[in-house]
Structures are given as structure tokens and as C-alpha cells.
Amino acid sequence: MAAALAREGGEDAFRRLFRFYRRRDGLDLRGVVDFSAPGNQVVSSQLSISSVSDQDAYRAGLEPVRQWKAYSLDGYPGFIFIPNPFLPGCQRHWVKQCLKLYPQKPNVCNLDRHMTAEETTDLWGQSKEQLRRKNSSKGEPKSLLEKLRWVTLGYHYNWDNKKYSADHYTPFPSDLAFLSKQVAAACGFQSFKAEAGILNYYHFDSSLGIHVDESELDHSHPLLSFSFGQSSIFLLGGLKREEAPTAMFMHSGDIMVMSGFSRLLYHAVPRVLPNLEGTALPSCLELALPSDFPDGSVIEHSSEEDWQVCAKYLQTSRINMTVRQVLPDGQSFPEDSEQTAVSKDSYHQVDSKAKRHKPNADS
């Protein structure tokens, strides 16, 4: 069915496939590319192994680059997919950061639009006991962390005018900057500097609308995407919405890099799926960080108490970190402090049936 829709072409083929994978009943996943078992459309991608030392990879919680598998897709130059290169236990650090640390002030989140600064000061502290006790009842009230849809880091994206500005900035997290630098270097972008991040928080009823990420002043640098928790279907299309997209799975720990031609392609997330392994959490999240993990790493040990909260959250959720460089190398914002590029159809907020923060015709 998906293949038939793709062949139709015509007006807004992307939207038709978005709706197809958004459907709840009788979903056909046979046309979805799975990089854990790559097929014909998938080709191996070369990495710059010498650009990242084993020590730096280890400090970022990653396997040595020579052990990574990397793939690209026919027809999508500049697109690189790296299936889970994280060392055992290291994904837990990033999940905890996204739930406990990164939502803290002065970073910005969707709840700031509806609540006072005092009410959003400690989302983790206000939510952890409620999450720990949570059962499967649909009528149970949501914790504040479950109402979280997005957090912005570094240069904070303005959802209203689709711009970044010099005067809306907070220090970018050093651990995430280090991780991003190693991944970018391994993909051939040694000068990459993490300057802005958008964290998206998905649940089983969430989707991410069709959009292009083009608000950054410099598009020569890649867009990095890190996925944790439940799996999702990601759609990667063309320069126009009339071009039918390719559907692919993103599993926990997977990294996606969009660069060159693929940097400005339409993409979307129509669906979050329960763990395809049939267990509450993917097996890669079941392992804790080894007790003898060396000092000097950006990866921190998570307490068992903290991980219990994170694990309960992830049973019905997915977290995605996207990192980008906003400014050209060695340059600053224009005189007016706001860049002038306007994003076409830019929509990077997670939409949920439970509570919509912005109308989204594609959901």
C-alpha cells in the first residue's frame, strides 16, 4: 500500500504517506527501511576513522569509530545513518540529561508559554514520584515531564518568527557539544560547532509535522539527530513535498546525519511505535554503565533511583536530540541581531492528540 501511494506522485505525495504511517489500524511496515537489517536501497557509507581518537570516542560514550556501521540511501547524498554506536549503559546518561538537567532554566521549554517560571523551575523534582508510581491507567493525570514537548538549548529557536538571535542564548551543554563534535568529525565535519539544540519529547500519540530545517545562517554544516527510547518511523523526502519520501525506522541509540544535498530535504515523524523487540524497553537500555567506567568521560553514572524514573518515562516515550551549527565559521549574527532566513513549512514541535501546542494540518 505504501509503495502504491509513493508511485502515485502528484500533489503532496509526502502528505499522503505521512497520513498512511500515521494510521492506527492495519499499519503495513513492510516498506520501512530498517538499518539494523539493511536491504537493497541501503549502501555502506565511509567514515573518517582517523578524525576521532579511540579515547575521545570513549569519553563521549561511543564505540571506537572503526567499529561503527554507517549507511546511506540511494538518491539521498549527504544522508548518513549510524545504528547505535553507544557503549553499553551510555544511552542512559543522555536520557537522564534530557529529562533531569536540560529542561532546567535558563533553557526554554514549551511549558514556559503556559506556566510561570517558578512552576517550571524543577520539572524533574515535581514529576519523579508521580512517574515512579505510574501505572497503565489512561485516566491517570500526566506529570509535568509527560507534558514536556520540546526544550531548546544554546541559541533558542523562536517558533513564531522561525529565527535564531544573538540576544536569546544560553550556554550550550558541554557534554552534548563534545558528543556532537565527535560524531560530526567522524562524518567528515571536523570544524562542526554545536550552537543550538532542539530536544523533542514524543509519546505514542505524538508526531512531528512535515518541515525543512533551514533557519540556520549556514547550511554547509550537518544536522545531527540522536534517538533514545521507543522506536519511530522517520520520513525523508525531497526538495518539494510532491516527491514521495522514504520511510525508515529510528531505534534507540541510532544517529542520523543530514548534510549536503540532504540537509534541506523535507522530513517528518508520523509515528512512534512500541518497542519492536516486544519488551517494555529496548534491550540496549537494560544495561547499566559499568562501575569501572573511567574518569574523564562526559558520561555520568545514573543512580538506580534516577534510572527507574527515566525507564518508566521511556516505556511510552521517545526522546530525540537534534544539534546544529547556526553561524558560519568565525562569523556572528548580522547587525540587527536577527538572521533573515525564513523557514518554509518549518514545524519542529512535537504534536500530540492529547494537547496541541500549535495547529498541524499534517497530523
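Odds and ends about this structure:
- With 21 Å as the limit, the listed pairs Lys100/Lys181; Lys100/Lys162; Lys105/Lys181; Lys100/Lys128; Lys128/Lys312 have Lys100/Lys181; Lys100/Lys162; Lys105/Lys181 beyond it between alpha carbons.
- Extent along principal axes [Cα atoms of region 12-87; Å; largest to smallest]: 47, 25, 21
- The mean sequence distance of close C-alpha pairs (under 8 Å, at least 6 residues apart), as a share of the length of region 178-268, puts its relative contact order at 31 percent.
- The local environment of Ile319, defined by Cβ-Cβ distances under 13 Å, has a net charge of +3 under the rule Lys, Arg +1 and Asp, Glu -1.
- Charged side chains reduced to their Cβ positions (Lys and Arg at +1, Asp and Glu at -1) give the chain a dipole of some 1160 debye around its Cα centre.
- 13 Å beta-carbon shell around Gln46, net charge (K/R +1, D/E -1): +2
- Dividing the summed helix terms, -39500 (n - 2.57) for each DSSP H run of n ≥ 4, by the number of residues in the chain produces a 222 nm estimate of -5000 deg cm²/dmol to the nearest 500.
- Overall form of the chain: rounded. Here a/c, set by the Cα gyration tensor axes a ≥ b ≥ c, is under 1.5.
- A simple charge model with +1 on the Cβ of Lys and Arg, -1 on the Cβ of Asp and Glu and nothing else charged puts the dipole of region 233-317 at about 720 debye relative to its Cα centre.
- Packing-based order for 278-287, 140-149, using average beta carbon neighbours within 10 Å, highest first: 140-149, 278-287
- Accessible area (Å², per residue) of the chain, counting only protein heavy atoms and a probe of 1.4 Å: 41 Å²
The values are calculated or read from the model by the stated rules, or taken from the named source; none is laboratory data. Predicted model only: the values in this text are computed from it and were never measured. Methodologically, a virtual Cβ is constructed for each residue, glycine included, from the backbone with ideal geometry; neighbour enumeration extends over all protein chains shown. Note: accessible area is taken over every heavy atom of the protein model, side chains too, but ligands, DNA and RNA are not part of it. Shrake-Rupley method; radii C 1.70, N 1.55, O 1.52, S 1.80 Å.
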